[in-house]
Structure formats: C-alpha cells, structure tokens
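See structure below.
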Amino acid sequence: MRADGALPRHVAIIMDGNGRWAQGRMLPRPLGHRSGMKAVREVVEGAIEVGVEVLSLFAFSSENWTRPSDEVSALMHLLEEYIAKEASELAGQGVRVHVLGELERLTPPAARAVAHVQEVTAQGTKLRLNLFISYGSRAEIVQATRALVADAIAGKIDPAQIDDAAIASRLLTAGCPDPDLLIRTSGEQRISNFLLWQVAYTELHISPVLWPDFTRADLYTAILDFQSRDRRFGRVSV
Ligand code: FPP
C-alpha cells in the first residue's frame, strides 16, 4: 500500500471459498465458515488501521437459504456467536455495525443478536461495518422500485423527477458512498447479486486466497492494486 496513494473510502468484500477450504482438509463445510470468522476480524482491524470509512461484507445471500438446512443453521449460529463475542469489542474499536438484508427471514435469536449489535455500536465513528445477511441486490432494487411507484401514485413525487439519487436513497445502502473497491476471494470472477446498482464504477480485485486464509496483508495487496488503477468514471484521463 502506498501512503501517498488514494485510499478507497468504501471496500466491499464477497467472502468466498469457505466450503472449499474445509473440503480440502476433509472437514465439514460449516467448519470452513467458522474459520472464516478469523478473517472477518482481520479485515475489520486492517480497515480501521488504514482509515477505510465503510467496510461491506457479504455474509449470507438470499440464495444461501436454499443450502442444506444444517449448513444454514450453522451459519445462523455463527452469526449469533460472532455478535455475542465481538459486539463489545467492535463498540470499543469505534465500529458502527449495520446489518442489511431481508431481516424478517432471520430466526428470532439471530434477529435479537442483530438488534443488539446495532444498538451497542450505534456511537461508533471510526468504521461503518455493513454486514449483508439474507441479502440479494435484485430484491433490494425491486423494493426500492415499489417504494418509488407507491410515492408516485400517492402524488408525492413526479415520475419525471426520478433520478439516480432518488433510487439510491431508497436502497439499503442509502447514505453510504458507493464502494470504491470490491474484493472477491477464492478466484471466482462473479458479482453474485451483490450491490449491483452500487458497483457501477467500482474497481474489482479478485484474490486467489480462500476466505479463511485471507489476512490484512491480502487486504493491503488489494488496496495497493486499487491505487494502481486509473479511475475514469466513463471519462478520458487528462
Ligand atoms: C462463501 O463460501 C461464504 C459464505 C456463504 C458465508 C460467509 C460467512 C462467514 C465468513 C462467516 C462469518 C461471518 C460473519 C460476518 C459472522 P462458500 O461456502 O460459498 O465456499 P465455496 O464456494 O468454497 O463452497
């Protein structure tokens, strides 16, 4: 990482490869997710250390509900465990946690854990940590569209006035800058229904590392790669 280079304000991560990490060691897949918690701690600390403002982690997609029920319940328990163990630590580090997704689908204990961590970290100002759980970007855009149409029918907005900002303000990420850098681990080169609207001009970094092995050094490698990019936002360089 270069001290004189531009830092990404918002880093988003698709944490992939937990299952392969476990299978490669002849372990059950849920143990891969458990090992992935260490990497979550690493990137939170790394992001604070370098001064990233927003860190978005894709922890559980809408599609993940269709995985075998023992894996789904292992992931839900891990989430509760992560929150129970880390909530006060995160608050002490100055992290503010927002959990984004279709939270009405969570089990009651997971929903209580989510409410708890958001409450105890509400004063954090160093890093905004967005945990995407039960999240799908198309569903988010559908919701935003419904809200806009309802406002238009109610006469609160003129359809001709609907613009990018009107849509962005109805997404779960309202108020957050768009990601500058999106990292996907385990070598896969897909967006997988994550922040489709928000990544319009985001730089992509594909890391070969499986998520449980991802360290803050790998985060810094991604940021260094970001610093070498020429971001043009559709314009020409001068
Ligand atoms: C993708 O690996 C990862 C997930 C579906 C879950 C990510 C969850 C964690 C890292 C656990 C804890 C996180 C928090 C925030 C508490 P995969 O199972 O799709 O891996 P594969 O592609 O190798 O099968």
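Couple of notes before you dig in:
- If the condition is being assigned to a loop (DSSP other than H, G, I, E, B) and among the acidic types (D, E), then segment 181-231 contributes E188, D230.
- Filtered residues of segment 63-79 (kept if more than 9 Å from the ligand (Cβ to nearest atom) and either buried (at least 18 other Cβ atoms within 10 Å of the Cβ) or closer than 19 Å to M37 by Cα (or both)): D70, V72, S73, A74, M76, H77
- Residue match in segment 141-149 (condition: at pLDDT 95 or above, of a type outside the set (D, E, K, R) and touching an Asp or Glu at 6+ places or on another chain (Cβ under 8 Å)): no
- Residues being within 15 Å of the ligand (Cβ to nearest atom) and not hydrophobic (A, V, I, L, M, F, W, C) - total across segment 124-150: 5
- Residue pairs whose Cβ atoms lie under 8 Å apart, sitting 6 or more positions apart in sequence or on different chains, and linking a residue in segment 58-71 that is more than 16 Å from A139 (Cα to Cα) to a partner that is outside any strand (DSSP E or B) and more than 8 Å from the ligand (Cβ to nearest atom), are D70/P30; E71/P30.
- Check on F214, in contact (Cβ under 8 Å) with a residue 60 or more places away in the chain, over 20 Å from G36 (Cβ atoms) and surrounded by 12 or more Cβ atoms within 10 Å (Cβ to Cβ): no
- Filtering segment 11-69 to residues that are closer than 10 Å to P212 by Cα and part of a loop (DSSP other than H, G, I, E, B) leaves M15, D16, G17.
- Condition broken by L90, with the remaining ones in (1) touching a Gly at 6+ places or on another chain (Cβ under 8 Å); (2) more than 16 Å from A59 (Cβ to Cβ) satisfied: (2)
- Qualifying residue in segment 110-123 (condition: assigned to a helix (DSSP H, G or I), touching a residue at least 40 places away in the same chain (Cβ under 8 Å), within 13 Å of the ligand (Cβ to nearest atom) and over 21 Å from A217 (Cβ atoms)): no
The values are calculated or read from the model by the stated rules, or taken from the named source; none is laboratory data. Just so it is clear, the model here is predicted, and its values are computed rather than measured. Cβ coordinates were reconstructed from backbone atoms using ideal geometry, including for glycine residues, and neighbour counts include every protein chain displayed.
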